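Working notes, beginning with the structure itself.
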Amino acid sequence: MLIYYKSCSATGITEEECGKHTYKSVRPLLKYIHQIKEEIENNNNIVGSKDKEIKQLREKLNQRNELVIEELRAQNEFYRKTIKELTRNVLLIKEEMGKLSSNAFKIQDYEKQLEKQKKINNAKDQQINEVKNEIGNCAKKLKSCKEQPVCTDCSHFADAPGIHKIIPNYDPVDVLCDSVTAGPGWTVIQQRINGKEDFDRKWVSYRSGFGNFDGDFFLGLEKIHRLTRARPHELYIHMEGFDGIIKYYRYDQFAISGEDDQYRLITLGKGEGNATGDFLRFHVNEKFTTYDRDNDSHDFVNCAIYHGGGWWHKHCSYRYELQQFNETN
Ligand SMILES: [Ca+2]
């Protein structure tokens, strides 16, 4: 006996065909299987959707990777160029450092020279300061000198006759000032009041002067020359005899030359007085003569020896004021 089993399905027809047999017992199973099949289909759909999403993400990722790679390439190129530039700069720096190194010795030499020059400059600055100080001191002295009146002759001591120091030109000279004999401010170049001084002297003695201001003296040819050269001078000759009679003669211009011209009597100017005759004028333009230096005009005689005293002798016959002091002078 053959039995044909006709399978049953969950469809309505099968249900009708198989309802009489086992359909009732397998029906839930068939439903469950059907649900499983639907779920599997749904899951397959979901998987397909996920695969599609994964594919899209992969494409995005690939695109992103390509961008990153491109950016990295660009950066790599930039760094490569930068490294190349830096390398070139390093070479240049090395080259410059080499030059600097070679110049370092020169710089050291320059620094040594500069240090030496600084010392020289400091020394010069010190010298300049010393000179400035000296100039300042000189300026103070000059100002002090300007503020002090320079007494060039006895006129500055008209109210205080006596011994004073005057500066006729540049060297000071001690002189005896007289404001009684002929008025104020006269300089005494010769004085004979007691006969104690010997006037029969050598040339050097007449040149330098001799005697004392409180007695007989001669101021000296060199000083008289400096006085009369510095400014115009008058000459006043005052003579008082042992009988008390006073004679005088006054000349308005008196000057003698220097030693190189033997202290020649250059001029007397105009003269006037109560003495007998203008005896001194005879001697104008004569050189000074002493017993050891004959400058007079006498061809055979030294008048200083003849008369016993220095003078501007022309001949030996005229009286003068430097011969030996006796009761006839
Ligand atoms: Ca002579």
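The values are calculated or read from the model by the stated rules, or taken from the named source; none is laboratory data. Computed from a predicted model, the values in this text were never measured in an experiment. All Cβ positions, even for glycine, are placed from backbone atoms using ideal geometry, and neighbour counts span all protein chains on display. The accessibility values were calculated without ligands, DNA or RNA, using every heavy atom of the protein model including side chains. Shrake-Rupley method; radii C 1.70, N 1.55, O 1.52, S 1.80 Å.
Odds and ends about this structure:
- Applying the set (1) exposed (fewer than 10 other Cβ atoms within 10 Å of the Cβ); (2) modelled with pLDDT of 85 or more to Ser101 leaves exactly one unmet item: (2).
- Selection from the stretch 234-290 of residues that are within 24 Å of Asp178 (Cα to Cα), of a type in the set (Asp, Glu) and out of contact with any strand residue (DSSP E or B) (no Cβ under 8 Å at 6 or more places or on another chain): Asp243
- Wholly enclosed strands (runs of 3 or more DSSP E) of the stretch 246-329 bearing at least 2 residues modelled with pLDDT of 90 or more and buried (at least 19 other Cβ atoms within 10 Å of the Cβ): 246-256
- Selection status of Asp200, touching a residue at least 40 places away in the same chain (Cβ under 8 Å) and farther than 28 Å from Cys151 by Cβ: yes
- Test for Ile224: is it among the hydrophobic types (A, V, I, L, M, F, W, C) and open to solvent by 70 Å² or more (accessible area, probe 1.4 Å): no
Conditions (1) among the acidic types (Asp, Glu); (2) not assigned by TED's automatic domain parsing to the domain that holds Arg281; (3) not in a helix (DSSP H, G or I), marked per residue:
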site	(1), (2), (3)
Pro184	no, yes, yes
Ile193	no, no, yes
Lys196	no, no, yes
Phe199	no, no, yes
Gly215	no, no, yes
Ile224	no, no, no
Thr228	no, no, no
Tyr236	no, no, yes
